[in-house]
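Structure first, commentary second.
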Amino acid sequence: MFRALEAAFQAGGNGDVPVGAVIVKDGKIIATASNRVERDTDPTAHAELLAIRQASKALGDVRLVDCDLYVTLEPCAMCAQALAHARVRRLYFGAYDPKGGGVEHGAKIFDHSTCHHKPEVYGGIEEEKCTVLLKTFFQKLR
């Protein structure tokens with residue numbers, strides 16, 4: 001999660017919501033990404049999606065079966081669905097997102113019978129650090 005926090009900090013410094021994601025396979029980081037929505041003018045440039053794309057290219061496979069994703073914020077519904085499609089083994093996230101989350105809140109993508117794959121989910125990892133980073137970013141915007 002430390003590397004995901006570093007990526008999140010980088011995103012915040014670039015004017016994007018500070019979210020970072022890391023994908024690990026066999027104990028090695030194979031992808032690291034941070035939000036680039038504003039920077040790329042792309043509403044789908046969430047850290048999770050960028051990390052999935054990176055990992056898929058690195059492995060030469062669209063299925064990330066033996067991979068784990070660490071992300072600083074609970075994934076939204078779009079990202080949660082992408083994690084299911086990529087068959088990510090485990091999801092570790094930091095801050096909970098009652099407003100925009102799609103895993104423990106909102107759409108709860110993995111709870112639907114139409115979701116073909118549900119990763120193991122572990123929330124609240126380094127929650128305080130992740131939450132403080134997000135709150136600080138939004139306080140500066142106001």
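The values are calculated or read from the model by the stated rules, or taken from the named source; none is laboratory data. Source: prediction; values computed, not measured. As a convention, Cβ positions derive from the backbone with ideal geometry for all residues, glycine included, and neighbour counts pool all protein chains shown. Note: areas computed on protein heavy atoms with side chains; ligands, DNA, RNA excluded. Shrake-Rupley method; radii C 1.70, N 1.55, O 1.52, S 1.80 Å.
When DSSP beta bridges are limited to those with both residues in the chain, what percentage is antiparallel, rounded to the nearest 5? So the antiparallel bridges in the chain amount to around 60 percent. Centre-to-centre, using Cα atoms only, the stretch 12-32 and the stretch 66-142 are separated by 13 Å. Just the number, please: carbon plus sulfur as a percent of the accessible area of the chain, 1.4 Å probe, no ligands or DNA/RNA counted. Carbon plus sulfur share of accessible area: 51 percent.
Surface analysis of the stretch 71-114 yields an accessible area of 43 Å² per residue, using protein heavy atoms and a 1.4 Å probe.
Estimated at 0.36 nm per residue, the fully extended path between residue 136 and residue 114 surpasses their Cα-Cα distance by 4.2 nm.
For the peptides 109-117, 126-134, the ranking by mean Cβ contacts within 10 Å, running from highest to lowest, is 126-134, 109-117. Take the Cα of residue 40, go 7 Å toward its beta carbon, and the backbone nitrogen atoms of the stretch 74-108 under 18 Å from that spot belong to 75-86.
Applying 0.36 nm per residue to the separation of residue 57 and residue 14 and subtracting their alpha-carbon distance, the gain on full extension is 13.0 nm.
Set against the labelled values [x] 13.8, 40; [y] 13.9, 43; [z] 14.5, 44, Rg and Dmax of the Cα atoms in Å computed from this structure falls on [y]. Remark: spin-label model distance residue 78-residue 127 equals 2.7 nm, labels positioned 7 Å along the Cα→Cβ axis.
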